[in-house]
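One structure is given below, encoded as structure tokens.
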Amino acid sequence: MSDGPAAVTPVPPPPEPEGGGSVSGLQAFYDRAGGLLVPVAAAFLAFLIGGIVVLVTEKSLTAPFEAYKAIFEGTGVTWFIPGVGDTAEEARDLQQTLLITTPLILTALAVAFAFRCGMFNIGGQGQYWVGLLTGIWFGTHFDGAPMALHITLTVVAALLAGALWGGIAGALKATTGAHEVISTIMLNWIAIWVGKWLLEAPDGYLQGTDPSLPRSNDVLDSAKLSEVWNWGGLQPLHAGIFIALFAVLVYHLLLNRTTLGYEVRAVGFNPDAAAYGGISVKKNYFLALAISGGFAGLAGAIDLLGWKYRLTSTEFDANLLGFVGIAVALLGRNKAVGILFAAFLFGALDVGTSPRQLDPEVFNPELATNLATMIQALIIAFVGAEFLILYLWRARKRVGWAGPRRVEPELKP
Amino acid sequence: MSVAEASQTPLDRLRRLGEARSLAIIGIWLGVLAVWLSVPPFTIRALVVPAAAAVLGASLGLWALTRGERKLGWWAIGVALLAILVALWFQSEESAELESVFSIGLLAATFRFAAPLAFAAMGGIFSERSGVVNIGLEGMMLAGAFFGIVVVAETGQWELGLLGAMAAGAVLALIHAFFSIHLRADQIISGFAINFLALGVTGYLFRSIYGTRGTPELEERIPNVHLPLIEDIPFFGDLFGNLNLMIWLMFAVVLTSFIVLFKTPIGLRIRSVGEHPKAADTVGISVFKVRYAAVILSGVLAALGGAYLSFGTGNAFNENMTAGRGFIALAAVIFGNWRPFGAFGACLLFGFSSALALRLQGSPLLPSDLASANLLSTLPYVLTLVVLVGVIGRSRGPAAAGRPYVKQ
């Protein structure tokens with residue numbers, strides 16, 4: 001996409017509507033605009049607006065700062081700074097943050113991989129559930145299997161189940177042109193209701209031994225992932241985080257170092273050009289969504305085997321990890337490193353606002369969890385609307401915040 | 001000569017298609033009648049009667065098929081087959097058991113379940129017909145449900161509550177419109193953010209205003225409409241004599257949506273902006289204005305659906321109380337092929353499946369695990385996937401939906 005000098009001046013011009021505002025056009029713009037400006041500004045704006053909401057509702061000037069401080073302290077991020085606070089407590093908090101970061105990385109990869117192929121996978125949530133439900137079956141069966149085998153079997157089965165769920169949407173798009181946004185939304189709800197049915201219906205197939213409770217049995221000990229970091233507290237950090245980090249590496253290498261990744265990206269940039277170049281667009285639509293689903297299914301499996309161990313049907317309404325993954329992918333700009341940072345931010349936000357971490361005296365956790373949802377929504381909106389950020393950035397210069405206007409040298413590409 | 005022929009042939013084909021269409025629609029209704037005959041209050045025990053109606057419906061469908069009306073033709077055949085299956089099954093069941101499930105109450109419940117969906121679906125149709133994809137319907141419903149009930153609790157007047165709900169929906173829709181029209185943000189991302197935003201804002205304010213007590217007991221809710229004249233008619237009166245005001249409003253909104261979209265210049269403008277914005281712009285239609293109006297209208301309508309949930313059929317607000325209804329409405333829009341009556345039919349079907357699911361729970365008609373409402377709840381989504389794939393007729397959206405318009 002050579003746009004001449006305009007694209008490299010510090011103030012990017014309104015991007016050309018290439019690709020007619022399609023996802024691929026958006027991705028092309030992301031790649032060109034580059035930089036950290038939009039994500040950082042989006043996050044800043046979102047937290048700012050969240051602060052204003054707290055200010056107005058709590059009717060106190062200091063309330064936003066106290067609330068954000070309390071949330072920040074609950075995340076355990078201060079563990080990285082030696083000499084501040086109680087190390088053990090910080091470590092326990094950080095443990096929780098990383099516990100949530102782990103699935104978020106994977107659900108974000110599920111969005112990002114499809115995005116790089118020019119598709120919007122809203123089905124991460126459903127693929128997560130399908131993976132988790134499959135994990136329950138494999139995790140509660142095969143008593144007496146050796147640990148390594150049992151874990152591998154369960155994780156692979158969940159991954160394949162997620163890939164199947166994503167692959168359905170991919171196959172539908174490839175064969176009939178059904179829009180993946182609609183089909184993944186529908187598949188999400190199908191997964192949720194079937195999941196509830198499996199756990200709730202009298203004698204649900206995955207229901208545990210107590211027929212009065214809508215929940216599954218615990219997975220067998222041989223299927224549980226081992227602890228890697230335990231400072232006490234409720235849940236230790238499990239080995240799933242290494243699986244997630246490995247998945248990020250796989251994501252990066254798959255996209256940038258393999259033929260498959262090259263084809264996926266080519267289709268994402270411009271399906272017509274890719275087809276002209278001899279790449280099967282349909283095959284890549286299917287593969288990209290199947291691989292996406294695999295990432296999300298993996299998230300479900302390691303959440304289950306790492307710390308949940310069982311599923312209660314009420315969680316279908318409470319757990320939005322698949323949806324938050326969309327925010328993570330957008331904020332991380334579908335790049336491996338960006339996703340890591342964004343997942344950590346959202347994991348920290350989630351843990352910092354949870355009732356367990358937040359002192360109700362300072363800020364009501366029930367408000368805080370909703371504040372977190374609001375901030376996530378605003379970040380999604382602002383990252384999606386780069387024009388707004390770029391417009392504000394330019395307005396800043398116009399008002400003169402940026403000092404006297406300099407004539408920027410025009411760089412030739 | 002050749003010109004005359006060329007201009008006549010498509011017209012003839014259209015006329016033939018028109019005939020086939022009405023035949024197929026009659027066929028579908030015959031199938032529905034066949035189902036109806038085998039349930040209370042008729043409960044006809046002779047298999048011949050419903051079977052005859054079904055066979056007639058199926059043959060009409062087949063006839064329509066041969067004349068090129070594929071979608072509705074297949075539908076007629078499908079409904080007829082279903083009718084025969086249902087008739088066969090119900091012949092063997094006890095009358096009392098059937099009556100416990102199939103009653104006027106079931107139809108009334110169908111309306112109650114369908115109403116919130118129908119409002120949001122009409123909103124979705126306006127928005128998408130103008131070229132703006134709106135997956136934020138869910139959030140707009142939720143906002144309507146919450147802000148409506150807040151106003152009712154404060155003022156004690158349901159009329160003001162409806163206005164409050166509409167205003168809240170309009171504001172959220174305005175945000176969606178601004179992001180997707182002016183800022184040219186991806187409409188999916190923007191709509192998705194709207195859902196999240198509504199979830200966060202309503203949850204936050206709900207807790208901030210009402211704490212853990214929940215919304216206070218309402219003095220007023222949206223009233224029912226008593227029709228003394230109709231109330232005494234045996235079957236009809238039981239159903240229509242005492243419906244909620246919002247259900248009558250729903251009928252009015254559906255009818256108005258159809259008339260506005262397909263019989264007025266306004267509708268022509270909306271549809272042209274959604275199909276080919278550049279052409280519309282060229283003839284002097286302001287693409288931005290039409291899209292803004294349509295998206296805001298969609299927010300207002302979706303919020304009405306939410307308001308009906310919180311202080312029409314219900315009397316309290318709960319966090320995330322819409323629970324995916326906005327997405328069912330979206331499914332109805334697609335299922336109904338972006339047409340008001342089609343979408344309304346889909347809403348009735350989805351509402352009926354919800355009502356049936358509720359009544360089948362614990363009924364001896366079905367084995368217990370199949371009777372689970374959860375499994376029946378997947379019906380709207382499965383059907384939408386089926387329609388999306390094009391097994392029973394392909395559903396096609398407006399050509400420019402999802403694409404921001406850049407004025408040149």
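The values are calculated or read from the model by the stated rules, or taken from the named source; none is laboratory data. Owing to the predicted nature of the structure, the values given are computational and were not obtained by experimental measurement. FYI the Cβ positions are ideal-geometry reconstructions off the backbone, even for glycines, and counts take in every protein chain you see. Side chains are part of the model used for accessible areas, which takes the heavy atoms of the whole protein and leaves out ligands, DNA and RNA. Shrake-Rupley method; radii C 1.70, N 1.55, O 1.52, S 1.80 Å.
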Residue by residue through the stretch B:330-346, the couplings from Karplus 6.51 cos²θ - 1.76 cosθ + 1.60 with θ = phi - 60°, in Hz, x for Gly and Pro, are 4, 4, 5, 4, 5, 4, x, 6, 6, 10, x, 5, x, 5, 5, x, 5
Residue-averaged [θ]222 nm for chain A, counting only DSSP H segments that reach four residues, each worth -39500 (n - 2.57)
-21500 deg cm²/dmol
Computed on protein heavy atoms with a 1.4 Å probe, what is the summed buried accessible area for the chain pair A and B, in Å² to the nearest 100?
4400 Å²
Lys pairs, the stretch A:19-399 - Cα-Cα below 27 angstrom, 8 or more residues apart or on other chains:
9
Mean accessible surface per residue for the stretch B:102-389, computed with a 1.4 Å probe while every protein chain stays in place, in Å²
36 Å²
Expressed in µm² per second, the diffusion coefficient of the protein assembly as shown from the Stokes-Einstein equation, with Rh the Kirkwood radius over alpha carbon pairs, at 25 °C and 0.890 mPa s, is 87 µm²/s
Given unit charges at Cβ for Lys, Arg (+) and Asp, Glu (-), the dipole magnitude of the protein assembly as shown about its Cα centre in debye, nearest 20, is 3080 debye
Can you tally the net charge around A:Leu304? Count Lys and Arg as +1, Asp and Glu as -1, for every other residue whose Cβ sits under 15 Å from the Cβ of A:Leu304.
0
In nm, give the distance between the simple-model label positions of A:Leu55 and A:Phe242, each being 7 Å from the Cα along the Cα-to-Cβ direction.
4.7 nm
Let's test the formula: R0 of 25 Å, r as the Cβ-Cβ distance of A:Val228 and A:Phe142. What FRET efficiency results, to the nearest 0.05?
0.55
Net charge, B:Gly351 excluded, C-beta distance under 15 Å - Lys, Arg +1, Asp, Glu -1
+3
Top mean-square fluctuation among B:Ser272, B:Ser92, B:Ser286, Gaussian network model of chain B, C-alpha springs under 10 Å?
B:Ser92
Rounded to the nearest Å, what's the spacing between the alpha carbon centres of the stretch B:22-93 and the stretch A:43-63? Just the number, please.
60 Å
Taking amide H atoms as placed 1.01 Å from N in the peptide plane, list the residues 5 or more away in sequence, or in a different chain, whose amide H sits under 5 Å from that of A:Val228.
A:Leu237, A:His238, A:Ala239
Taking r as the C-beta separation of B:Lys289 and A:Phe341 and R0 as 45 Å, the FRET efficiency to the nearest 0.05 is 0.65
Longest site-free stretch - chain B; sites: trypsin sites (Lys or Arg not before Pro), DSSP loop, at most 13 other Cβ within 10 Å:
B:214-395
Expected max-MSF residue from B:Ser208, B:Ser190, B:Ser130 in the GNM of chain B (alpha carbon, under 10 Å) is B:Ser208
Backbone HN-Hα couplings from phi across the stretch B:378-385 [Karplus 6.51/-1.76/1.60, Hz, Gly and Pro as x]
6, 3, x, 6, 5, 4, 5, 4
Could you work out how far apart the two model spin labels at A:Glu315 and B:Ala399 are, taking each label as a point 7 Å from the Cα in the direction of the beta carbon, and quote it in nm?
4.9 nm
Just to be sure I understand the model, the point goes 7 Å from the Cα along the line to the Cβ. What's the resulting A:Arg356 to B:Val406 distance in nm?
4.8 nm
The size of the Cβ-based charge dipole (Lys, Arg +1; Asp, Glu -1) of chain A about the Cα centre, to the nearest 20 debye, is 1400 debye
Rounded FRET efficiency, nearest 0.05, which uses the C-beta distance separating A:Val40 from B:Thr264 and R0 of 51 Å
0.60
Have a look at A:Thr102, A:Trp79, A:Val351 and report the one farthest towards the positive end of the charge dipole of the stretch A:19-399, computed about the Cα centre with Cβ charges (Lys/Arg +1, Asp/Glu -1).
A:Thr102
Charge-dipole axis of the stretch A:19-399 as Lys and Arg at +1 and Asp and Glu at -1 on Cβ define it, positive-most pick from A:Ala88, A:Tyr309, A:Leu253
A:Leu253
Taking the Cα centroid of the stretch B:258-289 and of the stretch A:213-251, what is the distance between the two, rounded to the nearest whole Å?
55 Å
If you put +1 on each Lys and Arg Cβ and -1 on each Asp and Glu Cβ, how big is the dipole of the stretch A:156-248 around its Cα centre, in Debye rounded to 20?
280 debye
Once the mean 1/r over all distinct Cα pairs of the stretch B:124-193 is inverted, what Kirkwood radius in angstroms do you read off?
12.5 Å
Given a 1.4 Å probe and every protein chain left where it sits, what share in percent of the accessible area of chain B is carbon and sulfur?
66 percent
Which longest run of chain B has no exposed loop site in it, a site being GluC sites (Glu not before Pro) in a DSSP loop with at most 11 other beta carbons within 10 Å, and the site itself not part of the run?
B:220-408
Anisotropy class of chain B from Cα gyration tensor, a/c 1.5 cut
oblate
Leading residue at positive end of dipole, chain B (Cβ point charges), from B:Leu183, B:Phe126, B:Ala346:
B:Leu183
Those helices of chain A passing the 27 Å axial Cα length cut-off and the mean Kyte-Doolittle cut-off of 0.0 (DSSP H runs only) are A:37-58, A:87-116, A:147-176, A:180-200, A:281-303, A:365-384
Hydrodynamic radius by Kirkwood, which averages 1/r over all alpha carbon pairs of the stretch A:19-399, in angstrom
21.5 Å
Using the alpha-carbon centroid of each, what span in Å lies between the stretch A:104-125 and the stretch A:317-346?
10 Å
For a paramagnetic label modelled at 7 Å from the Cα of A:Thr176 toward its Cβ, which residues of the stretch A:272-305 fall within the zone defined by backbone nitrogen distances under 16 Å?
A:286
